[in-house]
Amino acid sequence: MTGWLGSAYLWVKAFHIVFVIFWMAGLFLLPRYLVHHQEALGTPEAAAWEKRETLLRRMILEPSIGIVWLLGLALALNIGLLDGQPGLGWLHAKLLFVLALSGYHGWAIGYSKKLVTGEGAIPSRRLRLLGEVPALAVVFIVVLAVVKPF
Ligand code: HEM
């Protein structure tokens, strides 16, 4: 393996994928928590959902998004993202999807905080639909990363 990571490249890639799995697990779970939290507003159960969301954010979502970005950017620099290396169209497209997914992550955490202050106003059905966004994004991101169609 050439590039500044040398023989560590495959190890970095392995842990990139491990933390992608943790991040995705958190992103699949949080929107479901939001639906339950919203439906429990005004009952004693709401505080329990608030606690679950805080734990999920601190233990899974925040550490894993940071590590995925760190290791992903290390891999990207290693394969020449900043050197004008040809054939990296898939990586540029992947970065766009990952940026959008990171924005979604921020939105979901923001909505969880809004529920605590009673400001959440998205109808439950739409909230459930929004919960499918990470699954859709993962399909595009993994196809781009593995198939590298352009
Ligand atoms: C956060 C920003 C990210 C960056 C900068 C990034 C960048 C990269 C790079 C450069 C590779 C190496 C590709 C190769 O060696 O051919 C890679 C591998 C991979 N990434 Fe990411 N990635 C990011 C996030 C993600 C996310 C969110 C997912 C999935 C949802 C993902 C899934 C994968 C997979 C499955 C591979 C292995 C591809 C293979 O070896 O066939 N990455 N990533």
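Nothing in this text is a laboratory measurement; each read-out follows from the coordinates by a stated rule. Since we're looking at a predicted model, the values are computed, not measured. Counting neighbours? That spans all protein chains shown, and the Cβs are built from the backbone with ideal geometry, glycine included.
Suppose R0 equals 41 Å. What FRET efficiency, 1/(1 + (r/R0)^6) with r the Cβ-Cβ distance, do Leu77 and Glu39 give to the nearest 0.05? Walk me through the numbers on the way to the answer.
On the way: r = 45 Å, r/R0 = 1.09.
Efficiency at R0 = 41 Å is approximately 0.40.
Check each of the GluC sites (Glu not before Pro) in segment 42-141 and keep only those in coil by DSSP with at most 13 other C-beta atoms within 10 angstrom; list them in order.
Listed in order of number, the matching sites are Glu119, Glu132.
For the chain, what does the helix formula give at 222 nm: sum of -39500 (n - 2.57) over DSSP H segments with n ≥ 4, over the residue count, nearest 500 deg cm²/dmol?
Mean residue ellipticity, 222 nm, calculated: -25000 deg cm²/dmol.
Among the lysines, which have Cα under 21 Å from the Cα of Lys113 when same-chain residues fewer than 8 positions away are ignored?
Excluding near neighbours in sequence, the set is Lys51.
Please give the FRET efficiency for Trp90 paired with Arg58, using the beta carbon to beta carbon distance and R0 = 35 Å, rounded to the nearest 0.05.
Details: r = 33 Å, r/R0 = 0.94.
After rounding to 0.05, the efficiency reads 0.60.
Hey, for a label at Arg32 modelled as a point 7 Å past Cα toward Cβ, could you say which residues of segment 107-134 have their backbone N under 15 Å away?
128-134
Please state the shape class of the chain: rounded when a/c is under 1.5, otherwise prolate if a/b exceeds b/c and oblate if not, all from the C-alpha gyration tensor.
In terms of gyration-tensor shape, prolate.
Ile21 to Val147: FRET efficiency via 1/(1 + (r/R0)^6), r the Cβ-Cβ distance, R0 22 Å, to the nearest 0.05?
Values: r = 19 Å, r/R0 = 0.87.
Efficiency, rounded to the nearest 0.05: 0.70.
Cross-link candidates for Lys148: which lysines have Cα within less than 28 Å, leaving aside residues fewer than 8 places away along the same chain?
Excluding near neighbours in sequence, the set is Lys13, Lys94.
Relative to the longest principal axis of the C-alpha atoms of the chain, give the angle of the C-alpha long axis of helix 89-116, reported between 0 and 90° and rounded to the nearest 10°.
With both axes taken from Cα atoms, the answer is about 20 degrees.
Would you give the gap between the C-alpha center of segment 93-125 and the C-alpha center of segment 38-56, rounded to a whole Å?
For segment 93-125 versus segment 38-56, the Cα centre distance is 17 Å.
Starting at the first residue of segment 20-35, write each ³J(HN,Hα) from the Karplus equation 6.51 cos²θ - 1.76 cosθ + 1.60 with θ = phi - 60°, in whole Hz, x for Gly and Pro.
Rounded to whole hertz, the list is 4, 4, 4, 4, 5, 4, x, 6, 6, 7, 4, x, 5, 4, 4, 4.
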